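The values are calculated or read from the model by the stated rules, or taken from the named source; none is laboratory data. The structure displayed is predicted, hence computed values, not measured ones. Virtual Cβ from ideal backbone geometry, glycine too; neighbours counted across all protein chains shown.
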Amino acid sequence: MTKFTDLNLNPKVLKAIEEAGYESPTPIQAGAIPAALEGRDVLGIAQTGTGKTASFTLPMITRLARGRARARMPRSLVLCPTRELAAQVAENFDTYAKHVKLTKALLIGGVSFKEQDALIDRGVDVLIATPGRLLDHFERGKLLLTGIEIMVVDEADRMLDMGFIPDIERIFALTPFTRQTLFFSATMASEIERITNTFLSAPERVEIARQATTSETIKQAVVMFKASRKDRESTEKRRVLRELIDQEGDAVTNAIIFCNRKTDVDAVSKSLKKYGYDAAPIHGDLDQSQRTKTLDGFREGKLKILVASDVAARGLDVPSVSHVFNFDVPGHPEDYVHRIGRTGRAGRSGKAITICSLRDEKSLNAVEGLVQREITRLENPVKSSAAAPKKADTADAETGQADKPARPTRRRTTSKSRSATTEAAPVAAPAQQAEATTPAPEEAAAPAAAAQSEPAPAKQEPANSDANRHTSAKSDPKAQDAGSANSGPSKSSNKSRSRGRKDDRRDDRTVVGMGDHMPSFIALSFAERRTG
């Protein structure tokens, strides 16, 4: 059995390893360290939790123990996709290099540029950075990469998922061609393969286990979930999660709950806290100091449940995580491997439970295809009849996602429904009906005389034909005499009343939707006003 003492590491490094409590390297360490010590490029492929970080930190410290860094020109560079992973790598250097006089700098977002510039100006042996912050320092003229002797790319597949590949290619171009490159990834996508073929020279390929396999020490299960109503899906899903945690009981010493969206991270965390669970959120939108405080509390056992986005799926090294709960099935199957890899580390047993809704079944099939096994199905702890919450869910109300009463349906009012409403209106008082239906004497006489003297027209004239109306009036003198005999004291007022009756009849046919009390001036015909 291989031990660290067989790997030609610096004695001071071996002393630090012994003080940390390690004797034998993991398979990825046993394969990568000798090649790295020889100065060869290394391509390491292994699942998460196998000790990849020590695979490059130990040989780097041994090789950098001789020499001295110059101002603004670091001697080595480690690129990490997230702040948490970069911080973990920095902690590993602190652990294994405590007996070696090496300087390091951590360049991540959320920290003042001024403090980082001060470290770079003094010169650092090891520079640990995220791609974005590294390029920010370079573009500001505060950093030179021409002195890089060893370059490490950690979690390269996560770099691909986060869109960092163009930045990685640019950084490679800024470093010397003679550098040594150590490239580590849990999976090997086609884009990663292209980069390794471009920037690595005859690398030593160290592949441990099959790509994207899950540890045998992790017991996996999935709960198929169907909401009673679409608008209650989030509320009922959070209830299923709480029931699963309660069902595991005291076996849950600490747990990580992964969500696909940052908004769900906040909602789940707030809901759990309202129900008395010791939980806190962590995702990329939080301040760096708050993220660090939350992670430290979780590592030290002060926090029991960590609700996280995939930002914490990589680089979160807490050896004794008992459970991982996937509130959502991840969109990328590889992320499932990294999520559940937070438990069952270093030979310990762990349990991973996933909640799968109807729309996530396709993603679940992709996960099972990747890990090449069928995940055990568990019965939903919340029966379908009891899945809907009671009258009030105070915790979910705090998150702004409580059930809301159905809004009343608004119907569009059409001309038919409006007319039906008018017909159904209360009947007017008898006195008003009599007054409305009994015409004035002069109003009744004119139509009667006109009916006796005028023959019935063969064809109805257009309502707005002024020429036809005047022609018929001139050709029938009897109608004119009858109209003048019954016109009363004012001929003009008789014309206006007659015009009003014609307009009223026209309004019944043409005016729609003006209401029951339409002002009379709206019904006037402008064409008749010009001829009157």
- Query: Restricting attention to the stretch 193-204, does a residue exist that is at pLDDT below 90, within 29 Å of the chain's Cα centre (by Cα) and surrounded by fewer than 19 Cβ atoms within 10 Å (Cβ to Cβ)?
  - Reply: no
- Task: Look at the stretch 324-333 and say how many of its residues are of a type outside the set (Phe, Trp, Tyr), surrounded by 23 or more Cβ atoms within 10 Å (Cβ to Cβ) and not in a loop (DSSP other than H, G, I, E, B).
- Result: 2
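Residues that are free of Cβ contacts under 8 Å to residues at least 40 places away in the same chain and hydroxyl-bearing (Ser, Thr, Tyr): does the stretch 70-77 have at least one?
To start, the set of residues in the stretch 70-77 that are free of Cβ contacts under 8 Å to residues at least 40 places away in the same chain comprises none.
No, the conditions are met nowhere in the stretch 70-77.
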- Would you be able to say whether some residue in the stretch 277-287 is assigned to a helix (DSSP H, G or I), touching a strand residue (DSSP E or B) at 6+ places or on another chain (Cβ under 7 Å) and β-branched (Val, Ile, Thr)? no
- Test set (1) surrounded by fewer than 19 Cβ atoms within 10 Å (Cβ to Cβ); (2) touching a residue at least 24 places away in the same chain (Cβ under 8 Å); (3) among the basic types (Lys, Arg) - Lys237 fails condition number: (1)
- Would you mind telling me which numbered condition in (1) closer than 30 Å to Ser309 by Cβ; (2) at pLDDT 95 or above; (3) surrounded by fewer than 22 Cβ atoms within 10 Å (Cβ to Cβ) Val78 fails? (3)
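What tally of residues in the stretch 100-132 results from selecting those that are over 16 Å from Arg70 (Cα atoms) and either of a type in the set (Lys, Arg) or surrounded by 20 or more Cβ atoms within 10 Å (Cβ to Cβ) (or both)? Reasoning before the result, please.
We begin by selecting, within the stretch 100-132, every residue over 16 Å from Arg70 (Cα atoms); these are 100, 106-115, 128-132.
Now narrow it down to the ones that are either of a type in the set (Lys, Arg) or surrounded by 20 or more Cβ atoms within 10 Å (Cβ to Cβ) (or both): 106-108, 114, 128-131.
Total meeting the criteria: 8.
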- Message: Could you go through the stretch 352-361 and let me know if any residue there is on the phi > 0 side of the Ramachandran plot, surrounded by fewer than 18 Cβ atoms within 10 Å (Cβ to Cβ) and modelled with pLDDT under 95.
- Response: no
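If I go through the stretch 249-276 residue by residue, how many of them are part of a loop (DSSP other than H, G, I, E, B) and in contact (Cβ under 8 Å) with a residue 24 or more places away in the chain? Write out each step before concluding.
Let us first name the residues in the stretch 249-276 that are part of a loop (DSSP other than H, G, I, E, B), namely 252-254, 259-261, 275-276.
Checking which are in contact (Cβ under 8 Å) with a residue 24 or more places away in the chain leaves us with 252-254, 259-261, 275.
Within the stretch 249-276, residues that are part of a loop (DSSP other than H, G, I, E, B) and in contact (Cβ under 8 Å) with a residue 24 or more places away in the chain number 7.
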